[in-house]
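First up is the structure itself, then whatever we jot down about it.
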Amino acid sequence: MIETNSSLKAFNTFSIEAKTQTLFHFNNIKQAAELAALVKEMRAADKPVLILGGGSNILFCEDFSGLVIKVELSGVDIKESDSDYIVQAAAGEDWHQLVTNCIEKGIDGLENLALIPGVVGAAPVQNIGAYGTEFKDFCESVEYLDLNSGEFFKLNAQQCLFAYRDSIFKTAAMHSALITKVTMKLSKQWQAHSRYGLLKELDSSAKVTAKQIYQSVCQIRSEKLPDPELLGNAGSFFKNPVVSQELAAKLSALYPQMPCYPQEDCRVKLAAGWLIDQAGLKGTKFGGAAVHQNQALVLINENNASALDIVQLAELVRTTVKEKFSVELEHEVRFMGCRGETNLSEVIKNVRA
Ligand SMILES: Cc1cc2nc3c(=O)[nH]c(=O)nc-3n(C[C@H](O)[C@H](O)[C@H](O)COP(=O)(O)OP(=O)(O)OC[C@H]3O[C@@H](n4cnc5c(N)ncnc54)[C@H](O)[C@@H]3O)c2cc1C
């Protein structure tokens, strides 16, 4: 179904009012040829194209002047071999519902990734991760529709070039690959990943089960993170910054309690939430936007915020952290301008122009 001049407010978890010129509900794979033709038409007219899942990682900074493809493909298929379960899910399936259904069927592995909002097709894009596991740990392959040619392709996990909150779908294939289906391999030789953060408390129980981890993850997340249904937000607004060993050592000397996670490449990952909290920014407001009182990494739509309220609050956070710690925060949330993807610096430059 195609709509014109449609509101996107219900399709982004910040609940920001923005309109798109054209909205295509992609709910049947048989629409692929029609969709590819529409994309071609849009591109010929120099109009931007955006693939949209649940809108839980997107900030619409203004009305979108092109085509939004709302991915609503459904269907799950589970097969098993002696050693593994093979879970195939269509891109429009709700991620958390898939995790829950797997756990209820005794198919373990995805429990640490419970309660991450959004749909299955978005999971490979930023290689979603939480509590010590990432999508890439289970990914067997990703199928996509090439929007330029209308043809279907399949990439194995290695070809997806997964990295921390990154993949080929955020880089080389960003504007052309519409993910239609993912296949995950979940080993029957299940191993708990419960040594991360608050889940460590479960470690004392020698026989911790996937269901217990699932329940703890759901409980911790519901206590820690605001529910987007009640308070607009897009989860972690900034990525955890990775800095040089020198800078990490300098900061550790000044702030011995600062969390540091040495990386394989000799650089050091810092906790963005900790830096924002220590910069005294919890509860800081700009218009209707605020830094969450309990979770510094989350910016919220507290009171009918405009996109620019959120953008200006994000800039305040970025500059304050930079001044205090010399650390540059990069946003994890994708910024969408009227002509396609943009970023914090660009939007701020336009606001000030
Ligand atoms: C409260 C809260 C907590 C969160 N916690 C976490 C967390 O712990 N870990 C984590 O990693 N993320 C987290 N997130 C971020 C978000 O949930 C994930 O990034 C999620 O995968 C986004 O899914 P979505 O369907 O909403 O994607 P959208 O926001 O709709 O899209 C995100 C990006 O993926 C692209 N995309 C979407 N679908 C497709 C497709 N089928 N094909 C190609 N590209 C596509 C879009 O173009 C866009 O660039 C959280 C968000 C919220 C609101």
(request) Send over the semi-axes of the range 76-224's equivalent ellipsoid, whole angstrom and largest first, taken as the square roots of 5 times the C-alpha gyration tensor eigenvalues. (result) 28, 16, 13
(request) At q = 0.14, 0.22 Å⁻¹, what is the base-10 log of I(q)/I(0) for the range 2-71 according to the Debye formula with one equal point scatterer per Cα and no solvent? Please give it to two decimals. (result) -0.39, -0.94
(request) List every residue whose amide H lies under 5 Å from the amide H of Thr284, counting only residues 5 or more places away in sequence or on a different chain, with H placed 1.01 Å from N in the peptide plane. (result) Val291
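Going through the range 40-101, which GluC sites (Glu not before Pro) have at most 11 other Cβ atoms within 10 Å and a DSSP loop state?
Values: sites: Glu41, Glu62, Glu72, Glu80, Glu93; in loops: Glu62, Glu72, Glu93.
Answer in residue order: no site qualifies.
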(message) What is the distance in Å between the Cα centroid of the range 95-121 and that of the range 234-275?
(response) 29 Å
(request) Among the chymotrypsin sites (Phe, Trp or Tyr not before Pro) in the range 167-267, which ones are in a DSSP loop with at most 15 other Cβ atoms within 10 Å of the Cβ? Mind listing them? (result) Trp190, Tyr196
(message) Given the whole protein assembly as supplied and a 1.4 Å probe, what does the accessible area of His331 come to in Å², nearest 10?
(response) 40 Å²
(request) With springs connecting C-alpha atoms under 10 Å apart, model the chain as a Gaussian network and identify which of Asp77, Asp265, Asp227 has the largest mean-square fluctuation. (result) Asp265
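Using the structure shown, list the pairs from Lys136/Lys239; Lys170/Lys285; Lys250/Lys322 with a Cα-Cα distance above 21 Å, or answer none.
Details: Lys136/Lys239 18 Å; Lys170/Lys285 31 Å; Lys250/Lys322 15 Å.
Distance filter (> 21 Å) returns Lys170/Lys285.
Which number do you get for Rg(Cα) / (2.2 N^0.38 Å) in the range 232-352?
Rounded to two decimals, the normalised Rg is 1.09.
Average projected area of the Cα convex hull of the chain, in nm²? Kindly include the intermediate steps, with their values, before the conclusion.
Details: hull surface 74.6 nm².
Average projection, Cα convex hull of the chain: 18.6 nm².
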(request) Treating cross-link reach as a plain straight distance, find the lysines whose alpha-carbon is under 19 Å from the alpha-carbon of Lys40, omitting any fewer than eight places away in the same chain. (result) Lys30, Lys70
(request) Loop sites only, by DSSP: take the trypsin sites (Lys or Arg not before Pro) in the chain that have at most 12 other C-beta atoms within 10 Å and name the longest stretch containing none of them. (result) 208-353
(message) Give the residue list of chymotrypsin sites (Phe, Trp or Tyr not before Pro) in the range 127-168 that are DSSP loop and have at most 14 other beta-carbon atoms within 10 angstrom.
(response) Tyr164
(request) Calculate, for the chain, the solvent-accessible area per residue in square angstrom, rolling a 1.4 angstrom probe over the heavy atoms of the protein chains. (result) 48 Å²
(message) I'd like the carbon and sulfur percentage of the solvent accessible area for the range 220-334, probe radius 1.4 Å, heavy atoms only, ligands and nucleic acids excluded.
(response) 47 percent
(request) Let me know the volume per residue of the alpha-carbon convex hull for the range 138-293, in Å³. (result) 197 Å³
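The values are calculated or read from the model by the stated rules, or taken from the named source; none is laboratory data. Quantities reported herein were computed from a predicted structural model and do not represent experimental measurements. Neighbour counts are summed over all protein chains in view; Cβ atoms, including those assigned to glycine, are modelled from backbone coordinates with ideal geometry. Ligands, DNA and RNA are stripped out before the accessible areas are found, and what is left, the full protein with its side chains, is counted by its heavy atoms. Shrake-Rupley method; radii C 1.70, N 1.55, O 1.52, S 1.80 Å.
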